[in-house]
Structures are given as C-alpha cells and as structure tokens.
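Participant: Dropping the structure in here first, questions after.
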Amino acid sequence: MQTQLIGSSGAPLFDIFGPLLQFLVTPAQTSGSFALMRGVVAPGIAIPLHSHADPEVLFVLHGGLEVLQSGGDSSVWLIAKPGETICIPSNVKHALRNASAVPATVLLITTPNVCSFFRELGKPFHSGQRAGQPTPEDMHRLQALAAKYNYWMGSPQENAAIGLSDF
C-alpha cells in the first residue's frame, strides 16, 4: 500500500431507494479499514428507522439533513447544517430525512460492511434519470440484505411514530 490520489469526482452514482451515493474510497483502497462515500439526499427523501453494528459519521457539505436522536422512550429530530458532523454509534436506532427545499450533500465515512451493503443494494443512476420509489421486488431485496448484514429495520408503525410514512 502507498499513498494514493484518487480521482473520484467522476465516480458513478448509485440509487439507494432515493438517496444517491458515490463510492469515493473503497475498503480495498484502505486495507479494509473504512469507506468514504458522497451522498445526496433530495428534498422529501428519508432513510427509515434502522440500526446496525457499524458506526457511521456524516459530514454535511450542503443543505440540511435531519437526524433522529433516539433516547429511550423519546426521540427528537435534530437538523445538521453545512459544516456539522453527525456521529451515529454502533447499534443505535436512527433515521435521516431532508425536509428542506434543497438537496443535502454529505460525506459518509463507515465500515466495509456498510459499504458492501450499499454496493449490493444500489442500482446504477445516470444523469437526467429520476430516483424512483422502491418496487415490491426492491423491498424484498432490502429485507434479504438487511438479514444478511444483521440490520434491524423499523416497522411501518415505528416509522410512522417518528413522522415517517410509507415505510
């Protein structure tokens, strides 16, 4: 291994059921230590309630992103603005949403496990294309991958209780 300059600005985009991801630095480029991704969350898009053993760190570049802070019997949505960092520890239930009128862009640093999950789940996305709603087949694939990677997924009722519908 040696220091690398990675030209990742042209990295392909992948649709993860609404949010778009670019894999900027892969675990193979970090001796399996971590992955770095760029994410874009369009207005009105949410990542439903879930948890996993892998920590995640998100740095907000543009726009605003709401993150659910769950604490026992109560939960509150916090708004992360450009220049702020969201730190999600292992096994903490969390959800994200963009309730603003502009896209939110973040850098995501996480584990090889999360990177592999997103790689398997994502579909190639091309400029000019609209990110679509997941099909029933997509949701079946999501459930299968969640089981494979030991992710907990919130039920529709649990998502509705925190203000997220249609999940």
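Participant: Looking at the stretch 37-55, I want the residues that are on the phi > 0 side of the Ramachandran plot and have a partner that is part of a loop (DSSP other than H, G, I, E, B) with Cβ atoms under 7 Å, at least 6 apart or on another chain. Which pairs are those?
Facilitator: Note: pairs meeting the criteria are GLY44/ASN98.
Participant: Kindly evaluate ALA35 against the criterion of being crowded, with 20+ Cβ neighbours inside 10 Å and either touching a Leu at 6+ places or on another chain (Cβ under 7 Å) or hydroxyl-bearing (Ser, Thr, Tyr) (or both).
Facilitator: The answer is no for ALA35.
Participant: Could I ask something else about it? Can you spot a residue in the stretch 59-68 that is open to solvent by 20 Å² or more (accessible area, probe 1.4 Å) and aliphatic (A, V, I, L, M)?
Facilitator: Scanning the stretch 59-68 turns up at least one residue that is open to solvent by 20 Å² or more (accessible area, probe 1.4 Å) and aliphatic (A, V, I, L, M).
Participant: Condition check: in contact (Cβ under 8 Å) with a residue 60 or more places away in the chain, under 17 Å from the mean Cα position of the chain (by Cα) and surrounded by fewer than 16 Cβ atoms within 10 Å (Cβ to Cβ). Does ASN91 satisfy that? Before the answer, list the steps.
Facilitator: Working: in contact (Cβ under 8 Å) with a residue 60 or more places away in the chain: no; under 17 Å from the mean Cα position of the chain (by Cα): yes; surrounded by fewer than 16 Cβ atoms within 10 Å (Cβ to Cβ): yes.
The answer is no for ASN91.
Participant: Which numbered condition in (1) surrounded by fewer than 18 Cβ atoms within 10 Å (Cβ to Cβ); (2) under 17 Å from the mean Cα position of the chain (by Cα) is the only one that ASN98 fails?
Facilitator: Every listed condition holds for ASN98 apart from (1).
Participant: Now, a different point. Based on this model, can you work out whether THR110 counts as within 16 Å of ASP15 (Cβ to Cβ) and of a type in the set (Ser, Thr, Tyr)?
Facilitator: no
Participant: Here's something else I'd like to know. In this structure, is LEU164 part of a helix (DSSP H, G or I), open to solvent by less than 80 Å² (accessible area, probe 1.4 Å) and in contact (Cβ under 8 Å) with a residue 60 or more places away in the chain?
Facilitator: no
Participant: Follow-up. Among the candidates GLY72, GLY32, GLY83, which residue alone is over 16 Å from the mean Cα position of the chain (by Cα), modelled with pLDDT of 95 or more and on the phi > 0 side of the Ramachandran plot?
Facilitator: Exactly one residue qualifies, and that residue is GLY83.
Participant: Need pairs with beta-carbon distance below 6 Å; first residue touching a residue at least 40 places away in the same chain (Cβ under 8 Å) and within the stretch 147-161, second among the hydroxyl-bearing types (Ser, Thr, Tyr); sequence gap 6+ or separate chains.
Facilitator: TRP152/SER51
Participant: Just wondering, is there one or more residues in the stretch 76-84 that are farther than 11 Å from VAL106 by Cβ, outside any strand (DSSP E or B) and open to solvent by 30 Å² or more (accessible area, probe 1.4 Å)?
Facilitator: Yes, the stretch 76-84 has at least one match.
Participant: While we're looking at this one, here's another question. Could you check the stretch 148-167 and list, in sequence order, the residues that are over 16 Å from the mean Cα position of the chain (by Cα) and either under 21 Å from PHE14 (Cβ atoms) or of a type in the set (Asp, Glu) (or both)?
Facilitator: LYS148, GLU158, ASP166
Participant: I've got another one for you. Collect the residues in the stretch 101-142 that are hydroxyl-bearing (Ser, Thr, Tyr), at pLDDT 95 or above and not in a strand (DSSP E or B), keeping them in residue-number order.
Facilitator: In the first step, residues of the stretch 101-142 are kept if they are hydroxyl-bearing (Ser, Thr, Tyr); the result is 105, 110-111, 116, 127, 135.
Filter once more, so that each one left must be at pLDDT 95 or above: 105, 110-111, 116.
Once the filter is applied, which keeps residues that are hydroxyl-bearing (Ser, Thr, Tyr), at pLDDT 95 or above and not in a strand (DSSP E or B), the stretch 101-142 yields THR111, SER116.
The values are calculated or read from the model by the stated rules, or taken from the named source; none is laboratory data. Since the structure is predicted, the reported quantities are computational estimates derived from the model, not experimental observations. Cβ sites come from the backbone with ideal geometry, for glycine too, and all protein chains shown count toward neighbours. Heads up: the accessible areas ignore ligands, DNA and RNA and are worked out on the full protein's heavy atoms, side chains in. Shrake-Rupley method; radii C 1.70, N 1.55, O 1.52, S 1.80 Å.
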